[in-house]
Each structure stands twice: as C-alpha cells, then as structure tokens.
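*Asks:* Below you'll find the structure I mean.
The values are calculated or read from the model by the stated rules, or taken from the named source; none is laboratory data. Being a predicted model, the structure only gives us computed values, none of them experimental. Using ideal geometry, Cβ is built from the backbone for each residue, glycine included, and neighbour counts are taken over all protein chains shown. Only protein heavy atoms, including side chains, enter the accessible area calculation; ligands, DNA and RNA are left aside. Shrake-Rupley method; radii C 1.70, N 1.55, O 1.52, S 1.80 Å.
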Amino acid sequence: MRLIVGNKNYSSWSLRAWLPLRHCGIRFDEERIALFEPGYKERILRYSPAGKVPVLIDGNATVWETLAIGEYLAEKYPQYAMWPKDLLLRAHARSISAEMHAGFAALRTHMPMNMRAHHPGKGRTPEVEADIARVCSLWNTCLERSGGPFLFGHFTVADAMYAPVVSRFVTYAVELAPPLEGYVDRISNLAAMQEWRAAALAESEVIAEDEPYR
Ligand SMILES: N[C@@H](CCC(=O)N[C@@H](CS)C(=O)NCC(=O)O)C(=O)O
C-alpha cells in the first residue's frame, strides 16, 4: 500500500489520510510530492485523475478524497475500529467528519496549516471566529459524551479529520477552555503526529499562498 502526500508543513488533507495509517501501525510506503513545484501536477496525475493529494494506492485500488480513504481503511482494517462500533456514534462521527471535509472555509483560508510558523492571533475574522466556535462546540459535545481521551473515546477517523485544526490552533495560538486544551495536547503529542511534525519542520519549501502572514 502506498500513500501519496504533499508537503508535510502545509498539506492538511495529506495529514488526515496519513495519521490513521501511522497511528494504527499499518505498514505502507509513502511518496511525498512537493506541491506547486515544477511538474508536481503531472506527478499527481500519474496516480489520480483528480490531481490532488492524498491518494492511496492499494494493489488495483486507487482511492482519493480524504474521507474515502478513511472509509477504505476502516473497512480494510476493522480491527482498529476507525469508526465507532455503535451505529448512532458512527453516524455522529461521520457527520462531523463530513462537516470538516465540506466546510470551515474561513478557517482553512485565513488560518492555513503551517507547522513551522507561529502566528498568534492572526487570521481571526468574524467568519473564522464562527468556525472556531463551531469546532469548539462539536469537540465539547463529543468529549463530554465519550469522556475522551479522543472524540469518540478511542482514536477514529474523526480525530484524524480534525488533526490539522489542532495544528492550526497551536500555530495561531487559539485560546481554549481546559478540556479542549487537553484534547489539543493529546493529539499534538501522539507519536504519529510528532513524527509528521518533525518531517514538516525539516522541509524548506515555501508555498506563498499558504503564507499570508509571512
Ligand atoms: N477534498 C480533497 C482535497 C485535497 C486537496 O485540496 N489537496 C491539496 C493539498 S492539501 C492539493 O492537492 N493541492 C494541489 C493542487 O490543488 O494542485 C481531499 O479531501 O482529499
């Protein structure tokens, strides 16, 4: 199995697909394509007609779109229960994951993932404040219901979908109530997350459109 990812510093969608694989200890090869470098699109198109990362290649299967990759992994490796076992909780986890996949445009635009940067307070437009409030509200609901440590008790695709938001909250120093601060710390301190971050810090490419505050 091979996962095609983008720059680790910037590619939040890549992180969402990579994290469940690494956190669950699944063996896979990885190919990093530096985005917006000459020839990058052709390299991605060799794997996926959609022309975006991440892309998962497993034998004859090509899977793109982060949520589809999460679904594929959850089905292929049921032993890791990447979705909650309970039907209602699973529906909830899928709903918040789809909400992340389709929404939070203001947060994504004004607070792009950038693990190498530290921009406290930057990007806080009213629309971003609304996105932050929504993330906090849905995290609170999940953590209160499950008791933690992850959104649905154990690690699921939903945690992976919000991992780049955790990283953004660190980069832009978003102040949070203690239970949410604890969640941010737990995700940030996962061995897999630290491994991704170390690789991001070792990168040197700069993607101008993801650097509005540089
Ligand atoms: N909805 C897609 C989004 C993928 C996406 O936008 N990937 C970005 C990197 S984070 C990309 O490939 N950008 C390069 C480009 O658009 O040419 C998913 O969930 O996988």
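*Asks:* May I ask you to list the residues in the range 52-79 that are open to solvent by less than 80 Å² (accessible area, probe 1.4 Å), out of contact with any strand residue (DSSP E or B) (no Cβ under 8 Å at 6 or more places or on another chain), within 19 Å of Ala163 (Cα to Cα) and of a type outside the set (A, V, I, L, M, F, W, C)?
*Replies:* Selection gives Thr66, Gly70, Glu71.
*Asks:* Thr125 fails exactly one of the following numbered conditions: (1) touching a residue at least 12 places away in the same chain (Cβ under 8 Å); (2) closer than 18 Å to Phe28 by Cα; (3) loosely packed, with under 15 Cβ neighbours inside 10 Å. What is the number of that condition?
*Replies:* Of the numbered conditions (1) touching a residue at least 12 places away in the same chain (Cβ under 8 Å); (2) closer than 18 Å to Phe28 by Cα; (3) loosely packed, with under 15 Cβ neighbours inside 10 Å, the odd one out for Thr125 is (2).
*Asks:* Let me ask something else about it. I need the full set of residues from the range 42-61 which are within 19 Å of Lys8 (Cβ to Cβ) and assigned to a helix (DSSP H, G or I), in order please.
*Replies:* Correct list: Arg43, Ile44.
*Asks:* Considering only the range 13-41, state which residues are in a helix (DSSP H, G or I), within 12 Å of the ligand (Cβ to nearest atom) and open to solvent by less than 10 Å² (accessible area, probe 1.4 Å).
*Replies:* Ser14, Leu15, Arg16, Ala17, Trp18
*Asks:* Give me the residue from the range 173-208 that is among the acidic types (Asp, Glu) and touching a residue at least 40 places away in the same chain (Cβ under 8 Å) and, out of that set, surrounded by the fewest Cβ atoms within 10 Å (Cβ to Cβ).
*Replies:* Quick first cut of the range 173-208, residues among the acidic types (Asp, Glu) only: 175, 181, 185, 195, 203, 205.
Checking the rest, the ones that are also touching a residue at least 40 places away in the same chain (Cβ under 8 Å) come to 195, 203, 205.
Numbers: Glu195: 15, Glu203: 15, Glu205: 12.
Step by step, filter the range 173-208, then rank; the result is Glu205.
*Asks:* Give the number of residues within the range 1-12 that are within 11 Å of the ligand (Cβ to nearest atom) and surrounded by fewer than 15 Cβ atoms within 10 Å (Cβ to Cβ).
*Replies:* 0
*Asks:* Scanning for something of a type outside the set (D, E, K, R), within 9 Å of the ligand (Cβ to nearest atom) and either surrounded by 13 or more Cβ atoms within 10 Å (Cβ to Cβ) or under 15 Å from Met161 (Cα atoms) (or both), does the range 43-51 turn up at least one residue?
*Replies:* Scanning the range 43-51, I find at least one residue that is of a type outside the set (D, E, K, R), within 9 Å of the ligand (Cβ to nearest atom) and either surrounded by 13 or more Cβ atoms within 10 Å (Cβ to Cβ) or under 15 Å from Met161 (Cα atoms) (or both), so the answer is yes.
*Asks:* Here's something else I'd like to know. Touching a residue at least 12 places away in the same chain (Cβ under 8 Å), over 18 Å from Tyr162 (Cβ atoms) and either more than 14 Å from the ligand (Cβ to nearest atom) or of a type in the set (Lys, Arg) (or both): does that describe Lys85?
*Replies:* no
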